[in-house]
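What follows is a set of notes on a single structure, which appears directly below.
The values are calculated or read from the model by the stated rules, or taken from the named source; none is laboratory data. Remember, it's a predicted structure, so these values are computed and weren't measured experimentally. Positions of Cβ are generated from backbone atoms using ideal geometry, with glycine treated the same way; all protein chains shown enter the neighbour counts.
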């Protein structure tokens, strides 16, 4: 996977710098400066624009292999990248006391979008033919094996080639599952791996591994074949913990030593929270009169509403949000999930949700220490009580403070069903296990990208 990401970065760099040359050529044709003089005196644009584009491409997900293999997702991420680069350039243009050309970032942006879009389309179309596509066998043709096969042959078809399944159930021998044959049992593991030139064996067995299978896996490892448990691989490629397919390896889901418990990370995180809370509340104070007026014109009712939410350790706390729905949206008094096209959401409310402005009052909860800038979104007690009964490991979301934004917020859609809630839990558990200051900053930048393109959820 690292080889693929490095390949994407290097080719992107090639086209980003080619776009600089094209921008210089357009600049020269406009009669402002000679092309040779631009190359000699304006060379810093190669470094600056490369850094901006690669940095923001990382933020928008263009090096997420799921995005890289999907044309629609790549198009959206590329558009977001251009807007972020343009915003950063405008900030530099007005803040830095130097004379910068106004047009070059536009010329470069158009050329970069065109070149990268063309090459990424070619990558999606022909990526499966690249030499570092990994060939793998899946041990276990049950639910976990089916799921990892479906994911790898769907979102990651350009990165993985699955030769088939290995399963000790004699009834499955020769059957076709997810369009893949069950090739044999553990006795054939090494032989089949060599026949199919498999560099990786994915262990998708949710029960205890038998002694015979364990020895076969050791033989394969000694033969130079990489062995990777399915939950570990799923975490690496999808950024989620597959709570339904952990089985007896339950400890994989537990954040037994997450970053919030050790080192300086908790202090850095709290400092970031305080800075963000003060800045957010000041900005909110400036915007509130305009927002209140817009809400009043669009739909009569209160500007704010309050709800109880479940925080760290299951503690109940009170949050305030800007009203985004019509008054009395829950007439029966029961908690109802909101959906993306919920008819109860007002026109102004839709804008507030997409820009996350409806969450700004929660900066007060951050200041009070009840929430963090980044973490699992806090849910209502009634819904928590329901989901804890239906989703394994749901309670682990409360191991840390909830957040205004989070790994699940920038990766998943609205939670309007138990299935959608399960996906969000998988993302939340991944975040809890892999917390870091870098990941927090990356999530904040992803959130900003969503706000600028009105893709907030």
### Message
residue 363 - would you say it is part of a strand (DSSP E or B) and either at pLDDT 95 or above or touching a helix residue (DSSP H, G or I) at 6+ places or on another chain (Cβ under 9 Å) (or both)?
### Response
no
### Message
Restricting to segment 298-313, name every residue that is free of Cβ contacts under 8 Å to residues at least 60 places away in the same chain, surrounded by 13 or more Cβ atoms within 10 Å (Cβ to Cβ) and not in a strand (DSSP E or B).
### Response
298, 299, 301, 303
#### Entry: Meets criteria (surrounded by 17 or more Cβ atoms within 10 Å (Cβ to Cβ), modelled with pLDDT under 85, touching a helix residue (DSSP H, G or I) at 6+ places or on another chain (Cβ under 9 Å) and farther than 17 Å from residue 239 by Cβ) for residue 27
yes
### Query
How many of the residues in segment 181-227 are touching a strand residue (DSSP E or B) at 6+ places or on another chain (Cβ under 7 Å), free of Cβ contacts under 8 Å to residues at least 40 places away in the same chain and surrounded by 18 or more Cβ atoms within 10 Å (Cβ to Cβ)?
4
### Message
If a residue counts only when it is at pLDDT 85 or above and closer than 24 Å to residue 155 by Cβ, which helices (runs of 4 or more DSSP H) contained entirely in segment 32-126 have at least 3 such residues?
### Response
44-60, 71-95, 104-126
#### Entry: Residue count for segment 207-245, restricted to those that are closer than 17 Å to residue 187 by Cβ and out of contact with any helix residue (DSSP H, G or I) (no Cβ under 7 Å at 6 or more places or on another chain)
9
### Subset of segment 366-411 that is within 16 Å of the chain's Cα centre (by Cα) and outside any helix (DSSP H, G or I) - its residue that is nearest to residue 269 (Cα to Cα)
374
### Query
Before we move on, is residue 305 out of contact with any helix residue (DSSP H, G or I) (no Cβ under 7 Å at 6 or more places or on another chain), modelled with pLDDT under 90, within 30 Å of residue 422 (Cβ to Cβ) and in the same structural domain as residue 401 (by TED's automatic domain parsing)?
yes
